[in-house]
Amino acid sequence: MIELSEKKVIGPVIRLHPNDNVVVARVDVAIGTSVPSENLSVRSQVPAGYKIASKKITAGEPILKYNVIVGFANTDIEPGSMVHSHNTEFREFDRDYAYASEYKATELLPENQRATFQGIVREDGKVGTRNYIGILSTVNCSATVVKKIAEYFTPERLAPYPNIDGVVAFAHSIGCGMEMTGEPMQLLRRTMAGYARHPNLAAALIIGLGCERNQLKGLLEQEGLQPNSRLHTFIMQESGGTRKTIEAGIAAVQELLADANRFKRSTVSASHLMVGLQCGGSDGFSSITANPALGAAVDILARHGGTGILSETPEIYGVEHTLTRRAVSKEVGEKLIQRIRWWKDEYSVNRDVQINGKVSPGNQIGGLANIFEKSLGSSMKGGTGPLMNVYRYAEPVNSKGFVFMDTPGFDPVSATGQIAGGANLIAFTTGRGSMFGSKPAPCIKLATNTPMYQRLTEDMDINCGEILDGTISVQEMGQKIFELFLRIASGEKSKSEELGLGDHEFVPWQIGIMS
């Protein structure tokens with residue numbers, strides 16, 4: 001990867017690697033535009049973020065971006081021609097996983113040199129970045145009840161408790177009509193338990209209907225949860241029904257408020273930060289600005305002892321060999337490939353989904369031809385450090401540094417798994433302008449380009465488009481993002497929090513059969 005900015009004006013195209021046979025349009029490029037640096041004239045109108053052939057690419061030849069294969073020419077492509085889905089073929093190619101061959105340990109900073117933030121230390125030693133009370137439903141049938149309980153606690157009613165960030169409902173659409181045993185149920189239960197135990201919750205209520213397949217007793221037994229002063233449970237059919245359960249839930253939260261309010265922030269090490277890495281509405285600049293800048297921030301975080309969680313398994317497909325080579329061991333690398341093979345051989349066979357080639361219409365319009373090209377950018381969010389572990393969806397993350405969690409590419413589902421695993425921040429890059437937010441972990445939005453940032457300033461926290469504008473380098477932007485991590489973790493509100501987002505983004509992954 002090259003640094004795109006040396007604080008000077010940049011031309012109309014960007015060359016990402018000397019071996020590439022394409023360059024990327026930095027701005028909209030008109031037909032006939034001369035590009036002296038590439039010794040070519042542009043043969044068509046090319047929107048910003050799209051690729052331009054820098055030399056003749058013959059039919060069947062790999063298309064290289066960052067010296068990585070992102071597709072194959074399906075016809076001869078002349079220099080100066082736009083390269084996109086109309087002349088790019090998606091097909092499989094052999095990749096050498098070379099497990100752990102490029103592993104290099106992270107050089108940790110001494111503890112007395114590590115950054116700090118103002119965190120919330122829980123009794124078990126875990127550290128939160130927010131202080132919520134959470135209300136969880138075991139099943140869709142208790143979703144309305146948990147929402148009604150949370151809605152009761154308006155800002156006015158919480159005003160006497162300034163150290164509480166809110167009372168939030170975590171409702172979902174499953175929990176019954178599904179497999180009673182096996183991974184689908186286990187996944188749902190470990191997701192719920194991850195939220196109930198999350199350091200960003202001072203306390204939690206879990207509310208079931210009573211006859212659902214996701215029985216409250218089974219949830220508690222599988223996850224080793226014990227009702228106590230921090231965890232309360234209710235079953236609607238035993239509590240008198242809808243109204244009485246709502247009343248009992250409100251009363252229980254009222255009793256918890258004073259204790260939750262006693263938690264105050266104190267100075268803690270940045271090693272307690274665990275950041276879930278997300279991207280949505282990606283464009284042709286995602287791999288050039290926001291994603292590598294977020295990766296630079298993750299590299300900094302890892303040196304300070306913290307954790308970055310890369311996810312979205314379909315969106316590393318095609319470049320997974322760049323991760324297995326950095327794995328701490330062959331076993332860790334093989335765990336990643338096992339997850340990808342499950343997706344390819346079992347979960348998505350003959351399905352019209354990302355991992356089988358096609359990206360969303362928004363990605364296409366943004367300049368991304370297929371999943372290989374999207375994956376190239378998506379994987380950059382994890383930085384350049386070693387891959388320390390691989391987790392199934394919603395498993396507790398207990399390794400430091402750069403890790404991977406198996407999730408879909410759908411952002412609410414993916415972020416839900418990361419938060420259940422322990423993420424106390426979410427960092428979200430976007431080129432088209434995703435309007436995502438999450439609770440109880442605050443979400444930071446990183447724009448890939450200046451025009452979108454200017455249109456959507458109320459939703460975007462940082463403009464990584466400054467890299468394209470030539471005013472800051474990728475590494476400098478990474479430092480800026482890391483410093484924002486510390487401020488948001490210390491209580492400063494992100495843009496999504498100011499807008500009140502996050503009440504409807506708890507979406508556990510539904511992988512099983514519904515009946």
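The values are calculated or read from the model by the stated rules, or taken from the named source; none is laboratory data. All values derive from a computational prediction rather than experimental measurement. All accessible areas refer to the heavy atoms of the entire protein, side chains included, with ligands and DNA or RNA removed. Shrake-Rupley method; radii C 1.70, N 1.55, O 1.52, S 1.80 Å.
Odds and ends about this structure:
- Relative contact order (%) - criterion: Cα under 8 Å, at least six apart; region: the range 449-512: 29
- The tail of the calculated P(r) for the range 17-61, taken as Cα-Cα distances beyond 18 Å, holds 23 percent of the pairs.
- Share of Cα-Cα pairs in the range 1-120 lying beyond 21 Å, as whole percent: 52
- With every protein chain in place, the chain: carbon and sulfur % of accessible area (1.4 Å): 50
- With N counted as the residues of the range 322-444, its alpha-carbon radius of gyration over 2.2 N^0.38 Å works out to 1.08.
- Ellipticity estimate at 222 nm from DSSP helix runs (n ≥ 4, -39,500 (n - 2.57)) divided over the chain, nearest 500: -8000 deg cm²/dmol
- Probing with 1.4 Å while keeping every protein chain in the model, the per residue accessible area of the chain equals 39 Å².
- Values of log10 I(q)/I(0), in the order q = 0.14, 0.18 Å⁻¹, for the range 67-166 under a Debye, Cα-only, solvent-free model: -0.81, -0.99
- Along its three principal directions, the equivalent ellipsoid of the chain from the Cα gyration tensor extends over semi-axes of 42, 25, 21 Å, largest first.
- Note on the range 351-392: along the principal axes its Cα atoms extend 33, 23, 13 Å, ordered by decreasing extent.
- Diffusion of the range 43-104 by Stokes-Einstein, at 4 °C in a medium of 1.567 mPa s and with Rh set to the Kirkwood radius over alpha-carbon pairs, works out to 100 µm²/s.
- Quotient of C-alpha Rg and 2.2 N^0.38 Å, computed over the range 259-385: 1.23
- The range 184-334: translational diffusion in µm²/s, Stokes-Einstein, Kirkwood Rh over Cα pairs, 10 °C, 1.306 mPa s: 82
- In this structure, the pairs whose alpha-carbon distance is over 30 Å, taken from K51/K400; K217/K330; K126/K217; K126/K445, are K51/K400; K217/K330.
- What separates the Cα centres of the range 196-257 and the range 136-168 is a distance of 13 Å.
- Both radii come from the Cα set of the range 215-283: Rg as radius of gyration, Rh as Kirkwood radius; their ratio Rg/Rh reads 1.14.
- Cα convex hull of the range 411-461 - mean projected area over all directions, nm²: 3.2
- Based on the reciprocal of the average 1/r between different C-alpha atoms, the Kirkwood radius for the range 247-297 equals 15.4 Å.
- Reported to the nearest whole Å, the Cα centre-to-centre distance from the range 446-515 to the range 12-82 is 30.
- Long-range tail of P(r) for the range 149-211 (Cα pairs > 14 Å, %): 67
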